[in-house]
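Q: To start, I am sharing the structure in question, which I have written as structure tokens.
The values are calculated or read from the model by the stated rules, or taken from the named source; none is laboratory data. Just so it is clear, the structure is predicted and the values come from calculations on it, not from any experiment. Positions of Cβ are generated from backbone atoms using ideal geometry, with glycine treated the same way; all protein chains shown enter the neighbour counts. To get the accessible areas, we keep the full protein, side chains included, count just its heavy atoms, and leave off ligands, DNA and RNA. Shrake-Rupley method; radii C 1.70, N 1.55, O 1.52, S 1.80 Å.
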Amino acid sequence: MQQSFEINSDPHTRLNILTGERVLVSPHRSKRPWQGQVEDVNQEQRPAYDEKCYLCPTNKRADGDVNPNYSESFVFVNDFSALLKDTPSADINEEELFIAESEKGICKVIAFSPRHDLTLPEMTVPAIKAVVDVWQAEFADLAKHEWIKYIQIFENKGAIMGCSNPHPHGQIWSQNHVPVELQKESKNQKQYFDKHGRTMLGAYVNAELKKQERIIDENNSFVVLVPYWASWPYETMIVSKRPIQNILAFTEEEKEDLAAILKLLTTRYDNLFNTSFPYSAGMHQAPVNSGDFPEWHWHMHFYPPLLRSATVKKFMVGYEMLANPQRDITPEFAAQQLRKCATTHYKNV
């Protein structure tokens, strides 16, 4: 007698509707014992000011510039930018085998606050709102350069995610071409919009709100959820309720709501394993200086690597690198665990 399929226990694939790619979900593997690498837990108590930190107020940076005595956020062009504004134009194609093209851009760093020891979940909502204001202002300033076609706002948190300076900060990279992941998302959102006359993420969020299986938090302007197709164990996504193309369209109320929901989500993350939860996070929004993109719907991805505890990391290797992403715990279980987490930071309990 043939058994019926059970999505919470049987292996299956799920489609990422934004990229068109699939993730393998293997719920039955979540019970396997772990004998792999265990990470060290960094419970170091950082000072509010570190005289050796390149990002703290009044300190000298690696290039010799001195930081101002700033009181909120501080923005500067990255001293070791991956993209440079004055890169010469070049287009190389040898026999359609050796293909390259020059890429120019502007890369900026944003110190979230003068405090060396405060990550986003430990900051106040007004202080996070000030960061959102800076994101919006910097986006507007960079978009004034007509040659810039995409602006990526992101944060790497924690040494495990390659963060080279512990002072809480984020980055903005802008460039003259649209990156690969954004090309994928643009294509799939446009296909949906052309067919249905509404944004794909707007329809998706409404459907998720009805199901309530993967929702973590919501307020008047935003929803936080674990995507149905999530690849990382505790991956989440913040989606605006309004179909907004980019951060410039946010009202004051929406910016306050974004700050509030950022604090909620990052606090839940820290409380999950009682550690400063590492992640890479970033906004995806419409290209700039390239026309109108009514299909685009603002959202922010969070990709955290921790799997079972503060010491066990998910590695994307082997099958993931050669075939497609794979996860053991289901998105539904991950959402359930995050919903259980307190919204008061564990350090303040």
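Q: Condition first: open to solvent by 40 Å² or more (accessible area, probe 1.4 Å) and under 24 Å from residue 171 (Cβ atoms). Now tell me which residues in the range 89-109 satisfy that.
A: Applying the first criterion (open to solvent by 40 Å² or more (accessible area, probe 1.4 Å)) to the range 89-109 yields 89-101, 103-104.
Those that are open to solvent by 40 Å² or more (accessible area, probe 1.4 Å) and under 24 Å from residue 171 (Cβ atoms): 101, 103, 104.
Q: List the residue pairs whose Cβ atoms are under 9 Å apart, where the first residue sits in the range 61-77 and is farther than 22 Å from residue 129 by Cβ, the second is open to solvent by 80 Å² or more (accessible area, probe 1.4 Å) and at pLDDT 95 or above, and the two are 6 or more positions apart or on different chains.
A: Pairs found: 77/85.
Q: Identify all residues within the range 231-252 that are basic (Lys, Arg) and not in a loop (DSSP other than H, G, I, E, B); write none if there are none. Steps first, answer last, please.
A: The initial filter retains those residues of the range 231-252 that are basic (Lys, Arg), namely 241-242.
Scanning the range 231-252 gives no hits.
Q: Looking only at the range 268-301, count how many residues are crowded, with 21+ Cβ neighbours inside 10 Å, among the hydroxyl-bearing types (Ser, Thr, Tyr) and part of a strand (DSSP E or B).
A: 1
Q: Please determine, by comparing only the residues of the range 228-262 that are touching a His at 6+ places or on another chain (Cβ under 7 Å) and in contact (Cβ under 8 Å) with a residue 60 or more places away in the chain, which one is surrounded by the most Cβ atoms within 10 Å (Cβ to Cβ).
A: Only one residue tops the list, namely 237.
Q: For the range 213-230, which residues satisfy the criterion of being in a loop (DSSP other than H, G, I, E, B) and of a type outside the set (Phe, Trp, Tyr)? Outline the logic, then answer.
A: From the range 213-230, those in a loop (DSSP other than H, G, I, E, B) are 213-214, 219-221, 226-230; that's our starting set.
Within the range 213-230, 213, 214, 219, 220, 221, 226, 227, 230 qualify.
Q: Among the residues of the range 190-212, write down those that are assigned to a loop (DSSP other than H, G, I, E, B) and surrounded by 15 or more Cβ atoms within 10 Å (Cβ to Cβ). Step through it out loud before you land on a result.
A: Narrowing the range 190-212 to residues assigned to a loop (DSSP other than H, G, I, E, B): 197-199, 212.
Of everything in the range 190-212, those that are assigned to a loop (DSSP other than H, G, I, E, B) and surrounded by 15 or more Cβ atoms within 10 Å (Cβ to Cβ) turn out to be 198, 199.
Q: Also, quick follow-up: If only one of 114, 121 is touching a His at 6+ places or on another chain (Cβ under 7 Å) and open to solvent by less than 60 Å² (accessible area, probe 1.4 Å), which one is it?
A: On the way: 114 fails: touching a His at 6+ places or on another chain (Cβ under 7 Å).
It is 121.
Q: Among what's in the range 149-185 and is buried (at least 21 other Cβ atoms within 10 Å of the Cβ) and either in contact with a helix residue (DSSP H, G or I) (Cβ under 7 Å, 6 or more places away or on another chain) or free of Cβ contacts under 8 Å to residues at least 60 places away in the same chain (or both), pick the residue that is farthest from residue 298 (Cα to Cα).
A: 168
Q: Would you pick out the residues in the range 45-76 that are under 20 Å from residue 142 (Cβ atoms) and open to solvent by 80 Å² or more (accessible area, probe 1.4 Å)?
A: 72
Q: Continuing with the same structure: Could you figure out which of (1) in a helix (DSSP H, G or I); (2) open to solvent by 10 Å² or more (accessible area, probe 1.4 Å); (3) in contact with a Ser or Thr (Cβ under 7 Å, 6 or more places away or on another chain) isn't true of residue 265?
A: With (1) in a helix (DSSP H, G or I); (2) open to solvent by 10 Å² or more (accessible area, probe 1.4 Å); (3) in contact with a Ser or Thr (Cβ under 7 Å, 6 or more places away or on another chain) applied to residue 265, the lone miss is (2).
Q: I'd like to know if the range 321-332 contains one or more residues that are in contact (Cβ under 8 Å) with a residue 12 or more places away in the chain, open to solvent by less than 10 Å² (accessible area, probe 1.4 Å) and touching a Gly at 6+ places or on another chain (Cβ under 9 Å).
A: Among the residues of the range 321-332, not one is in contact (Cβ under 8 Å) with a residue 12 or more places away in the chain, open to solvent by less than 10 Å² (accessible area, probe 1.4 Å) and touching a Gly at 6+ places or on another chain (Cβ under 9 Å), which makes the answer no.
Q: While we're here: Within the range 95-116, does at least one residue satisfy the condition of being closer than 20 Å to residue 281 by Cβ, in contact (Cβ under 8 Å) with a residue 40 or more places away in the chain, part of a helix (DSSP H, G or I) and of a type in the set (S, T, N, Q)?
A: Looking through the range 95-116, none of the residues is closer than 20 Å to residue 281 by Cβ, in contact (Cβ under 8 Å) with a residue 40 or more places away in the chain, part of a helix (DSSP H, G or I) and of a type in the set (S, T, N, Q).
Q: Looking at residue 195 and the list (1) closer than 26 Å to residue 16 by Cα; (2) touching a Gly at 6+ places or on another chain (Cβ under 6 Å), which single condition is not satisfied?
A: Of everything listed in (1) closer than 26 Å to residue 16 by Cα; (2) touching a Gly at 6+ places or on another chain (Cβ under 6 Å), residue 195 misses just condition (2).
Q: Moving on to the next point. Given the residues 143, 82, which is the only one that is out of contact with any His (no Cβ under 8 Å at 6 or more places or on another chain), exposed (fewer than 14 other Cβ atoms within 10 Å of the Cβ), under 19 Å from residue 284 (Cβ atoms) and not acidic (Asp, Glu)?
A: Values: 143 fails: exposed (fewer than 14 other Cβ atoms within 10 Å of the Cβ).
Being out of contact with any His (no Cβ under 8 Å at 6 or more places or on another chain), exposed (fewer than 14 other Cβ atoms within 10 Å of the Cβ), under 19 Å from residue 284 (Cβ atoms) and not acidic (Asp, Glu) holds for just one of 143, 82, which is 82.
Q: Separate question: Any residue at all in the range 46-55 that is at pLDDT 90 or above, out of contact with any Ser or Thr (no Cβ under 8 Å at 6 or more places or on another chain), assigned to a loop (DSSP other than H, G, I, E, B) and of a type in the set (Lys, Arg)?
A: yes
Q: For the list (1) within 15 Å of the chain's Cα centre (by Cα); (2) modelled with pLDDT under 95, I need the number of the one condition that residue 266 fails.
A: Failing condition for residue 266: (2).
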